[in-house]
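First comes the structure, then the notes that go with it.
The values are calculated or read from the model by the stated rules, or taken from the named source; none is laboratory data. In this text, all values refer to a predicted model and were calculated from it rather than measured experimentally. Counting neighbours? That spans all protein chains shown, and the Cβs are built from the backbone with ideal geometry, glycine included. Protein only, heavy atoms only, side chains kept; ligands, DNA and RNA dropped before computing areas. Shrake-Rupley method; radii C 1.70, N 1.55, O 1.52, S 1.80 Å.
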Amino acid sequence: MTNPATIAVVGAGTMGNGIAHVFARSGHAVLLADVSASALAAGMTTIRKNLAREAAKEKLTAAEAEAAVARITCTTAFESLALAALAIEAATERFEIKSQIFRTLDAILAPEAILASNTSSISITKLAALTGRPGNVIGMHFFNPVPVMKLVEIIRGLQTTQATFDVVRSMAESLGKIPVEVNDAAGFVSNRVLMPLINEACYAVMEGVATPDAIDTIFREGMAHPMGPLTLADFIGLDVCLDIMRVLQEGLGDPKYRPCPLLLRMVDAGWLGRKSGKGFYEYSDK
C-alpha cells in the first residue's frame, strides 16, 4: 500500500472540517461528505476562515490557502466517495451512527481502501467487524482544533494489519502530526484518562466543593493545564462528554465511570457548553 492521494472525510462538523482542512493543506484531494448541504456549507466557511487566519499569520501564503480550498469537493452523494483510497469517518460519537456509515462506505469503496474512524472512544474492533475489510480498519483520532493540535492517536483494532497501520502512521506524519500508537480499549488513552477527570470535576460542582471557576483556576494555576477541566468540557460539548462516559461505563464495566448526575441534567436541559451558549459557563457569542 502507498500513501493514498484522494481522501474522503465523512462529516463536515468541527472535527470533519478540521480533518479536511489539514489534508487539503498538505496537497491531497479531499471529498468532504455529509447528509446535510447546510452542514457542508458551514464546514467550508470554517475552513476558509481558518486558512485565512493561517495566511494572516504567514504560516502559508494566500495563494496556498486558495489552492487548499480548491482541493476540497463537497458532496451529499456518498457514491462519489468511491475514488478515495482512505476514508475517515468523523460523525457523532454514537455507535449506531458510525456503524451505518461504515457499512455504507464498505459497500462503496474499493476493496483495498482503508476505513478510519475519528472516534475518541468507540471500539475499532467492533466497527471493523461490520465490514468485509476488517484488516483495513483503523482508528485515527485527531484532536480539536485539528489544524493546530499535533497529536493523532492511531488505534489498532484486533484485526488491523501492519500494512494498514504503517500507511496511516505515515499519512499522519505527512500532515505534520505526531502519531501515537494505541491498542483498542474503551476510551483509548486520551479519553480514558481525561473524561473521568472531567466527570469528577462535575461531581465537585454538584456537591458544592467549589465553583466551576475555582476548579478550573486550580488546574490552570496549580497544575499548568492550559484550560481547566470544566472549560474544556464546555469546549468539547457536554453531550459528547456524556456519550464518552457511557462508552467507558459499558466498555470497562467499572462503576467509577458512572456519569455524574449533574452532567446528565445539564445535557437534558440543552446546556451543552460553548456550542449551545451555556454549559458550566455562559457564552455571549452564541
Whichever lysines have a C-alpha closer than 16 Å to that of residue 177, once near sequence neighbours (fewer than 8 apart) are set aside: 59, 150
Accessible surface of the range 135-188 [probe 1.4 Å, protein heavy atoms]: carbon and sulfur percent: 58 percent
Alpha-carbon gyration tensor eigenvalues x 5, square-rooted, for the range 201-286, Å: 20, 17, 12
At most 14 other Cβ within 10 Å, DSSP loop - GluC sites (Glu not before Pro), the range 143-217: 207
Residue-averaged [θ]222 nm for the chain, counting only DSSP H segments that reach four residues, each worth -39500 (n - 2.57): -14500 deg cm²/dmol
Candidate lysines for bridging to residue 98, where Cα separation is under 20 Å - those fewer than 8 sequence places away on the same chain excluded: 126
Ratio Rg/Rh [Cα only; Rh per Kirkwood] for the range 139-286: 1.01
Cut-off under 5 Å, modelled amide H: who pairs with residue 114 long-range: 86, 87
Accessible area (Å², per residue) of the range 114-232, counting only protein heavy atoms and a probe of 1.4 Å: 41 Å²
Histogram of C-alpha separations across the range 136-207, 10 Å bin width, %: 19, 41, 26, 11, 3
Whole-percent carbon and sulfur share, accessible surface of the range 15-105, 1.4 Å: 56 percent
At most 16 other Cβ within 10 Å, DSSP loop - GluC sites (Glu not before Pro), the range 57-127: 58, 112
Share antiparallel - DSSP beta bridges, the chain, percent rounded to 5: 20 percent
For the range 88-224, alpha-carbon Rg and Dmax in angstrom: 17.5, 55
Overall Cα dimensions of the chain - principal axes, largest extent first, Å: 55, 45, 32
Debye intensity ratio I(q)/I(0), log10, the range 175-228, q values 0.20, 0.24 Å⁻¹ (C-alpha model): -0.81, -0.94
